[in-house]
Amino acid sequence: MNQTDWWRDAVIYQIYIRSFADGNGDGHGDIDGIRSRLPYLRDLGIDAIWITPWYPSPMADGGYDVADYRDIDPAFGDLDRAGRLIAAAHELGLKVIIDLVPNHTSVEHPWFPAALAAAPGSPERDRYLFRPGAQPPNDWRSVFGGPAWSRAPGDPHGEWYLHLFDVAQPDLNWANPEVRAEFLDILRFWLDLGIDGFRIDVAHGLVKQAGLPDVGHDTDDVLQPPNRLDHPHWDRDEVHEIYRSWRTMIDEYPGEQIFVAEAWVANAERMARYVRPGELHTAFNFDFLRCPWDAGQLREVIDASLAALDAVGAPATWVLSNHDVTRHVTRYGRPHTAGRGPRHDDSGPVDLELGLRRARAAALLMLALPGGAYLYQGEELGLWEVEDLPEELLQDPTWQRSNHTVRGRDGCRVPLPWSGETPPFGFGAGTPWLPQPAAWKDYTAEVQAGDRHSMLELYRAALRTRREHPALGDGGMRWLPAPDGVLQFARDPGFLCAVNLSPVPVTVPGEVLLSSAPLEDGHLAPDSAAWLAGA
């Protein structure tokens, strides 16, 4: 990774803070826990960490309901601990990216009670989207299920307020200059503390169409992009003005701090609009995450993504899992392998052996492609979705908003197993906030370290090779002829990647640098991948 434009080919590790490592023994991950595991992350071979929201929050949506954007939730630590973490990460050569949640606040943010205490039409209410009426203003739906409009308990005026997510997450009014100025100041606050960048939550949201017209209804799920390009509250063209102002501000800081967009949009061309010159640096490639385990469809997604991003001079940012979707080990072990989000994924039987085999191959594919990549904590251990959590422990608001019909995202957020034979597997001294499967005793970081056949050592070897090989990272690629069901491409100088998604072994050329499964007589087994030295 070059220090200049480091973000163009960085491998960034997502930390879901509640579930990474518990430093104080209360069963929840925290800043001290992250700091204690920084050497593990350095040895893994990543370039940066992204930490999910650590702000004060009532945790209606796992911290994505922010009560104070300039502080740390006491459950996670404090600003002093955050500063020490940033300094310690920098000493180890790791950059630190934090989550920014600009679409909505918590109902406990000072602005919301101030709005309820003020009259309709007041400046306080204009920070949010309040509307009068006997019925909801339109047909908009919450991502978590149910209507997107509610009346606030205790509001003497009985107005409706918009919440595209949980009822405890009122949407901000981004047509209000005060909101825009506030977030520029929030960005400066964290940049002044030494943060290296921001992941923008719901970057395709923020702006709503004037007049708030009905949707009509194509989809109400943030994890399913809109089927039309003039959606009244997703991916509005006006949002780009906001990001241009943010880019102007961040470019004034010394160093190379960055933005990455969580933008669920209709196609690669719409995604590329977020990373045009003068806007954001990178955007997650969710088309790649959603793509089934199919050679033809993967190639189409790769080609479309690279073409759209090359046209605006931006790098690709590949991703297989995150805290909002089913872990890809589970997804790849099902008959239907497309990633569609927790409200839509098939809940049928899972062949974990098949899923692990495909996940190993997918890791080598992703890390060989041009650009950067994001890893979700635990994927380097081969962890799967925990789908049998007791119902009384489920905390995702989707569970409540769906009237207990959709379990939501808790299954991909179970605390990590670090060591030992029994839970909590070295996560911390207390009982974890979500229970870990007993079978994870064979998947702890301690068990896998040094085992050259383990998922952890595959990731370490791949990241080491990626860092050392001159062909990998940012740059170009070219497809090579290959049998049906096989992806094979070259990167210069002297690198080939082959991925066998067919049901039969295939011959691959060249000296093997790394493979997801052993080759037999030069043949690559089904659902496996290899990196090879090429001409």
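A few points about this structure:
- Selection within the range 165-182 - buried (at least 21 other Cβ atoms within 10 Å of the Cβ) and not aliphatic (A, V, I, L, M): 165, 166, 169, 170, 171, 174
- Count - residues of the range 236-257 that are modelled with pLDDT of 95 or more, not in a helix (DSSP H, G or I) and not hydroxyl-bearing (Ser, Thr, Tyr): 6
Residue-by-condition table, conditions (1) in a loop (DSSP other than H, G, I, E, B); (2) touching a Leu at 6+ places or on another chain (Cβ under 8 Å); (3) at pLDDT 95 or above:
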{"residue": "280", "(1), (2), (3)": "yes, no, yes"}
{"residue": "296", "(1), (2), (3)": "no, no, yes"}
{"residue": "305", "(1), (2), (3)": "no, no, yes"}
{"residue": "318", "(1), (2), (3)": "no, yes, yes"}
{"residue": "329", "(1), (2), (3)": "no, yes, yes"}
{"residue": "342", "(1), (2), (3)": "yes, yes, no"}
{"residue": "348", "(1), (2), (3)": "yes, no, no"}
{"residue": "353", "(1), (2), (3)": "no, no, yes"}
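- Residue that is nearest to residue 68 (Cα to Cα), among those in the range 29-46 that are among the small types (Gly, Ala, Ser) and in a loop (DSSP other than H, G, I, E, B): 29
- Members of the range 370-383 that are farther than 15 Å from residue 330 by Cβ and touching a Ser or Thr at 6+ places or on another chain (Cβ under 9 Å): 371, 372, 373, 374, 375, 377
- For beta carbons closer than 6 Å, sequence separation of 6+ or different chains, a first residue in the range 359-388 that is open to solvent by 10 Å² or more (accessible area, probe 1.4 Å) and a second that is among the hydroxyl-bearing types (Ser, Thr, Tyr) and assigned to a helix (DSSP H, G or I), the qualifying pairs are 384/330; 385/330.
- Just one residue in the set 265, 260, 301 is touching an Asp or Glu at 6+ places or on another chain (Cβ under 6 Å) and open to solvent by less than 10 Å² (accessible area, probe 1.4 Å); that residue is 265.
- Apart from one condition, residue 395 fits all of (1) out of contact with any strand residue (DSSP E or B) (no Cβ under 9 Å at 6 or more places or on another chain); (2) crowded, with 24+ Cβ neighbours inside 10 Å; the exception is (2).
- For the range 398-432, the set of residues classified as among the hydroxyl-bearing types (Ser, Thr, Tyr) and either open to solvent by less than 40 Å² (accessible area, probe 1.4 Å) or within 25 Å of the chain's Cα centre (by Cα) (or both) consists of 398, 402, 405, 419, listed by residue number.
- Enumeration of residues in the range 5-33 that are of a type in the set (Val, Ile, Thr) and in contact with a strand residue (DSSP E or B) (Cβ under 6 Å, 6 or more places away or on another chain): 11, 12, 15, 17
- Residue match in the range 280-288 (condition: open to solvent by 30 Å² or more (accessible area, probe 1.4 Å), free of Cβ contacts under 8 Å to residues at least 24 places away in the same chain and out of contact with any Asp or Glu (no Cβ under 7 Å at 6 or more places or on another chain)): yes
- Being surrounded by fewer than 21 Cβ atoms within 10 Å (Cβ to Cβ), outside any loop (DSSP other than H, G, I, E, B) and either at pLDDT 95 or above or among the aromatic types (Phe, Trp, Tyr) (or both) is a description that does not apply to residue 18.
- For the range 28-46, a tally of residues being farther than 18 Å from residue 373 by Cα, of a type outside the set (Phe, Trp, Tyr) and open to solvent by 10 Å² or more (accessible area, probe 1.4 Å) returns 6.
- Only listed residue being surrounded by 15 or more Cβ atoms within 10 Å (Cβ to Cβ), basic (Lys, Arg) and out of contact with any Ser or Thr (no Cβ under 9 Å at 6 or more places or on another chain), chosen from 452, 466: 466
The values are calculated or read from the model by the stated rules, or taken from the named source; none is laboratory data. Just so you know, these numbers come straight off a predicted model, no measurement behind them. Reconstructed Cβ throughout: ideal geometry from the backbone, glycine too, with neighbour counts over all protein chains shown. Accessible surface areas use protein heavy atoms only, side chains included; no ligands, DNA or RNA. Shrake-Rupley method; radii C 1.70, N 1.55, O 1.52, S 1.80 Å.
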